[in-house]
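Single-structure report; data block below.
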Amino acid sequence: MAARRRKPRLGVWKFASCDGCQLTLLDCEDEFLAVAEALDIAYFPEATRAAVKGRYDLSLVEGSITTTHDAQRIQDIRRRSRALITIGACATSGGIQALRNFADVREYASIVYARPDYIHSLATSTPIADHVPVDFELRGCPINKRQLVEVISAFLAGRRPVTPAHSVCIECKLKGNVCVTVAHGTPCLGPVTHAGCGAICPSYDRGCYGCYGPMESPNAPALSAKLGELGMDQRDLTRIYRTFNAGSPAFRKESERNGP
């Protein structure tokens with residue numbers, strides 16, 4: 001009798017984050033059962049207490065690097081992972097906590113904590129790719145569960161994941177949405193934001209907040225000029241680029257161009 005083939009080992013890891021992207025995997029429900037059938041879930045604290053030591057064929061990493069300990073831990077995970085995929089805005093751009101990159105984290109700590117001397121934190125919040133090689137980045141805050149299933153399926157099939165590189169504007173066109181900026185003068189980051197959410201906010205007559213980070217080759221200065229025509233001053237322009245993906249190079253550069 002032929003030996004039973006070992007299923008690939010999956011590890012799901014958390015760094016500085018809210019756990020929302022990990023929970024997206026659990027929210028897959030029926031699809032998650034298929035994932036569990038195809039992969040050996042060797043480490044995933046959100047789903048099981050069981051932890052299999054050793055090497056992992058696929059690691060999904062959520063969260064940004066904000067402490068010296070985490071900077072060391074991600075190196076160990078990378079060494080033990082055949083493929084490492086980052087999931088979510090925290091892991092791919094530093095997350096909302098990357099706002100510390102524009103200020104003094106010690107000042108923040110003194111305001112928030114009664115004993116800030118107990119807080120041992122890096123001055124910055126940085127994406128995983130700033131510390132180790134990453135095989136693929138899945139954007140979003142949180143990530144899209146269909147895209148997550150696609151990424152895992154691509155790994156199992158040995159191919160490159162197929163995820164859109166275009167902007168949210170294309171998703172609006174595909175859904176037949178009226179442009180909120182053109183029709184209503186509503187500020188919207190859709191023209192410079194990576195697709196993947198299904199244009200949720202514009203579908204409800206709200207401007208895009210940039211949850212999925214910058215698209216490929218975004219023309220942020222041109223958008224800022226248009227938003228300026230709609231009445232946004234430089235302070236507001238700085239703020240709209242400093243949300244979920246404040247640390248992404250394109251958004252960071254544009255926010256700094258408009259203000260300190």
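None of the figures in this text is laboratory data; all of them are computed from the coordinates on show. On a predicted model such as this, the values are computed, not experimentally measured, just so you know. Every residue, glycine as well, gets a Cβ built from its backbone with ideal geometry; the counts of neighbours run over all protein chains shown.
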How many Lys pairs in the chain lie less than 29 angstrom apart by Cα atoms, where the lysines are 8 or more positions apart or on different chains? 12
In the neighborhood of LEU84, defined by Cβ-to-Cβ distances under 11 Å, what is the net charge if each Lys or Arg adds +1 and each Asp or Glu adds -1? +1
Residues with amide H under 5 Å from that of THR126, placed H, sequence gap 5 or more: ILE65
ARG9's amide H: which non-local residues (gap 5+, or another chain) put their own amide H closer than 5 Å, with H modeled 1.01 Å from N in plane and none for Pro or chain starts? ASP40, ASP57, LEU58
Mind telling me which of LYS145, LYS14, LYS53 comes out most flexible in a GNM of the chain, alpha-carbon contacts under 10 Å? LYS53
per DSSP, antiparallel bridges as share of beta bridges in the stretch 37-189, % nearest 5, sits at 20 percent
Karplus 3J(HN,Hα) series, Hz, for the stretch 150-156 with 6.51 cos²θ - 1.76 cosθ + 1.60 (x for Gly, Pro): 4, 5, 5, 4, 5, 4, 5
Tell me whether the stretch 9-157 comes out rounded, prolate or oblate; compute the Cα gyration tensor, take square roots of the eigenvalues as a ≥ b ≥ c, and use a/c under 1.5 as the rounded threshold. prolate
Among the DSSP beta bridges whose two residues both lie in the chain, what percent are antiparallel, rounded to the nearest 5? 25 percent
List, in order, the whole-Hz ³J(HN,Hα) value for each residue of the stretch 176-189 obtained from phi through the Karplus relation with A = 6.51, B = -1.76, C = 1.60 and θ = phi - 60°; use x for Gly and Pro. x, 6, 7, 5, 5, 6, 5, 7, 10, x, 7, x, 8, 8
Computed over the stretch 168-258: relative contact order in percent, which uses C-alpha pairs under 8 Å that are six or more apart: 25 percent
Centre separation in Å (Cα based) which lies between the stretch 198-260 and the stretch 120-140: 21 Å
Add +1 for every Lys or Arg and -1 for every Asp or Glu among the other residues with Cβ under 15 Å from the Cβ of GLY140, and state the total. -3
Phi angles of the stretch 52-67, converted by Karplus (6.51 cos²θ - 1.76 cosθ + 1.60, θ = phi - 60°) into ³J(HN,Hα) in whole Hz with x for Gly and Pro, give 9, 7, x, 9, 10, 6, 9, 10, 9, 10, 10, x, 9, 8, 10, 9
Of the residues ALA50, PRO218, LEU23, the Cα lying farthest along the dipole of the chain towards its positive end, which is defined by charges on the beta carbon of Lys, Arg, Asp and Glu, belongs to ALA50
